[in-house]
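S.K.: Here it is, the structure in full.
No value in this document is a laboratory result; all are computed from the given coordinates. The model shown is predicted, which means the values in this text are computed figures rather than measured ones. Note that we place each Cβ from the backbone using ideal geometry, even for glycine, and neighbour counts take in every protein chain shown.
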Amino acid sequence: MGKIAIIIRREYLSRVRKKSFLILTLVGPILFAILAIAPSAIMLLPDEERIILVLDQPNLMDQNKGSDEVQFQYANPDKYTVDKIKEMVRTDEKFYAALFVPSGESWDPDFISKNITFFSRGDVNVQVQSFVSSFLQKQITNEKLRVMGVDPELISGAKTNVSIRNIDVSKEEESETSAGPKMAVGFLSGFLIYFFIFIYGSMVMRSVIEEKTNRIVEVIISSVKPFQLLMGKIAGVALVGITQFAIWVVLTSGIVFAVSAIFLGNMVDPESLIAGQNLGGDDEISAAVITGLDYLGMINFPLIISCFLFYFIGGYLLYGSFMAAVGSAVDSETDAQQFVLPVSIPLILSIIVLMRIMTNPDSTLITVLSMVPLTSPIIMMARLPFGVPIPELLLSMALLIGAILLSVWIAGKIYRTGILMYGKKPTFKELYKWLFFRE
Amino acid sequence: MLAIDCKGVQKRYGDKTVLQDIDLSVERGKIFGLLGPNGAGKTTLIRIINQITGPDKGEVYFFGEKLRRAHISRVGYLPEERGLYRKMKVGEQALYLAQLKGMKSAEAKKKLKYWFEKFDIINWWDKEVESLSKGMAQKVQFIVTVLHEPDLLIFDEPFSGFDPVNANLIRDEILEINQKGTTILFSTHRMESVEELCESIALIHESKVLVQSPLRALKDSYRDHSWEVEWTGEVLPSAFPEGVVLKSINERGDSRNLLFTVASDTLLPELISTMLKSGTVYGMREKLPTLQEIFIERVTEKKV
């Protein structure tokens, strides 16, 4: 076994065997699965029935029974007073709340709409509140229209929903496009790369600091070159990241499918689970999401997955080597902050810009940032689902590879000097000087 | 044959010269002391021999060959800053370090077991390093330094941080390994700690070799025929042989240390019999300056 292989093996095994790795690797998918399943599961759960006692003096609600979840029970306005229904809500658990719609003196709809009151024990559920208020809003609007002599049917007949089809004519074959799923794929992959770089970049840094403070580093570099140790470490940690990521993907999808099969049975097919998160219960929206799923087929997944791996590893190598250099230059993690900040600014910038890509993927700023190696791993991934000309993609990749070579070279120089320096926190000027020390 | 031969070695860090024209030769099979105060450049020189860093100028020969990467497995190095991974199991870690030195796993394991038994730490093989006492950790560090049976062993500040029992144990092991033909290089600023072990020494001061010599010859050059006699008795002899002068008397508890200078060593038997007539003689030795004293003298000499 080569010496780098021995180092990679140790770096890998020592992390993978840790309890914290095991826990995070197992707990992660459960959390992800909950995030994926929860919204649709919650929607499918039968809601509690809530009975609202209504004192509707102007008879605005037409004795409407409400919905399955929110049922209206009417108190006769001739027999009941506000105080009486208040008392009933206070004493009778059967009623969730009491709703008071006053008639006022003139039965003026504007007066009524301002004076509707809920009486309840504690807070009123937001869903209930919004259901009731939108129901009343509709009733009052219709009432006003009638007063003005307009038939409400006329108005609802005139309402129009506009849906625009997007046709991409850039390719020979015209195809229908949709930005939604592309946004989701772009955002998710950009964000995952950001996450990976941060977690595993700082893992490399901590590991370098640990070796330095443990004082084991000099023992090791009397057997291997500092550069070998650095590379072995970066590669070992990368493998840990890839392992964790792979387990997450497999376990998360496993759990999501298993849980949805068991609990949700035939009610939903797993595919619409993803869509479920966006469902508002509104048929129009869900129809849109289902077409959205069809559009997913239009994204070039083989390209995206291979680019994801490339930028995933490339971004990590670029930042990981910087973080290793930072770790070698300091004696403790607290000292590292000063150097970590400038290194992480481009990453944070990328995440801020990521939001803008979603609305405007073709802007010049974003095109430039998807070329600049420090931001390209995140920005290019987010752009990719929207379609990126191949020459641009290749240029971005070439620049990233060049930047990795440069950063590894710089990191190697700083590292081999830094690991043997104790005590004083170096300045940037000193770090620069270290680049030119002879080996 | 020379184990190490440095010719005109020079090293600078930025505008700071750490080593300047270092010529140094260590004979094969000997115990050599590289001595000097902190910051003199000892550690840098050792790192050059270890190929942790390289010289800006000059050359280093290792057993007659120009120093190259392959030699690394023939050197064992216990640095001044020595440590272990705290969260790793003891045996696993020792095996890892041995493999990095180029040993095969099976062979390394066999030898490690032997050493662990010898040092009575075999029960800690599967424990985490954290659980070791400092003395045990030092034993582990020593074992992984010598395990691959290198031709040259380098110890930087070997006895600092060792408790007396372990320091003795380690010293005896080093001497035994030396008996088998391994060249030993000690580097320390605590000159008295290796004085009795070294056959040759080099004094390094401010990036330069101040003096390099076999220890005996160096000390002999400082001979001034002073002898110290440890003696008890009621009354000092009234007269000493001709050519013997009493320089000073040091009371030490019940006994007294008398310092004489003699015109010639042939007068010594006569001196002893004189002393014996009036008391008991416990010991007699030539008073030579310690390395520390020689070093200080050389340093001040230079300045003058």
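S.K.: In straight Cα distance, which lysines are under 17 Å from residue B:247, not counting same-chain residues fewer than 8 positions off?
M.R.: The reachable lysines, counting only those whose Cα sits under 17 Å from residue B:247, are B:287.
S.K.: If you take every DSSP beta bridge whose two residues both sit in chain B, what share of them, in percent to the nearest 5, is antiparallel?
M.R.: Taking every DSSP beta bridge with both residues in chain B, the antiparallel ones total about 70 percent.
S.K.: I'd like the Karplus ³J(HN,Hα) series for the range B:83-96: coefficients 6.51, -1.76, 1.60, θ = phi - 60°, whole numbers in Hz, and an x wherever there's a Gly or Pro.
M.R.: Along the range B:83-96, the couplings run x, 9, 5, 6, 9, 9, 6, 4, x, 4, 5, 4, 5, 4 Hz.
S.K.: To continue, here is another question. May I ask for the distance between the Cα centers of the range A:383-429 and the range A:4-28, given as a whole number of Å?
M.R.: Here the two parts' Cα centres lie 25 Å apart.
S.K.: So if I take the centroid of the Cα atoms in the range A:60-82 and the same for the range B:210-275, what is the distance between those two points in Å?
M.R.: So the two Cα centres are separated by 121 Å.
S.K.: I would also like to ask the following. Relative to 2.2 N^0.38 Å, what does the C-alpha radius of gyration of the range A:50-152 come to as a ratio? Two decimals please.
M.R.: Computed over Cα atoms of the range A:50-152, the ratio equals 1.06.
S.K.: If you average the sequence gap of Cα pairs under 8 Å that are 6 or more apart and divide by the length of chain A, what percent do you get for the contact order?
M.R.: Across chain A, relative contact order equals 19 percent.
S.K.: From the C-alpha gyration tensor of the range B:1-109, pull out the three semi-axes of the equivalent ellipsoid (sqrt of 5λ each), sorted largest to smallest, in whole Å.
M.R.: Value: 28, 18, 13 Å, ordered largest first.
S.K.: Something else: When chain B is treated as a GNM, springs tying every alpha-carbon pair under 10 Å, which of B:50, B:250, B:123 comes out with the largest mean-square fluctuation?
M.R.: Among B:50, B:250, B:123, the largest GNM mean-square fluctuation belongs to B:250.
S.K.: Moving to a separate point now. Quick check on the protein assembly as shown: helices-only [θ] at 222 nm, where DSSP H runs of length 4 and up contribute -39,500 (n - 2.57) each and the sum goes over total residues. Nearest 500, please.
M.R.: Rounded to the nearest 500, it is -16500 deg cm²/dmol.
S.K.: Using each residue's phi in the range B:102-110, evaluate 6.51 cos²θ - 1.76 cosθ + 1.60 at θ = phi - 60° and report the 3J(HN,Hα) Karplus result to the nearest Hz, with x for Gly and Pro.
M.R.: x, 7, 6, 4, 5, 5, 4, 4, 4
S.K.: When you look at the Cβ of every residue in A:217-230, what mean number of other chain Cβ atoms sits within 10 Å?
M.R.: Per residue, the number of nearby Cβ atoms from other chains is 6 on average.
S.K.: Dipole size in debye (nearest 20) for the range B:1-109 around its Cα centre, Lys and Arg Cβ +1, Asp and Glu Cβ -1?
M.R.: 460
S.K.: A further question follows. Roughly how many debye, to the nearest 20, is the charge dipole of chain A about its Cα centre, given +1 on each Lys and Arg Cβ, -1 on each Asp and Glu Cβ, and no other charges?
M.R.: With Lys and Arg at +1 and Asp and Glu at -1, about 3140 debye.
S.K.: Mind checking the log10 I(q)/I(0) for the range B:2-219 at q = 0.15, 0.18 Å⁻¹? Debye, one equal scatterer per Cα, no solvent, two decimals.
M.R.: The calculated log intensity ratios at q = 0.15, 0.18 Å⁻¹ are -0.98, -1.33.
S.K.: I'd like the distance separating the alpha-carbon centroids of the range B:79-122 and the range B:157-184, in whole Å.
M.R.: Centre-to-centre (Cα) distance: 18 Å.
S.K.: Cross-link candidates for residue A:182: which aspartates and glutamates have Cα within less than 17 Å, leaving aside residues fewer than 8 places away along the same chain?
M.R.: Within reach: A:168, A:271, A:294, A:362.
S.K.: Dividing the Cα convex hull volume of the range A:306-439 by residue count, how many Å³ per residue is that?
M.R.: Here the figure is 110 Å³ per residue.
S.K.: Give me P(r) over chain A, computed from all C-alpha to C-alpha distances, binned every 10 Å, as integer percentages.
M.R.: It works out to 4, 15, 19, 18, 15, 13, 9, 6, 2, 0, in whole percents.
S.K.: Could you pull out the GluC sites (Glu not before Pro) across the range B:198-304 that fall in loop regions by DSSP (anything but H, G, I, E, B) with no more than 16 other Cβ atoms inside 10 Å?
M.R.: B:199, B:206, B:234, B:242
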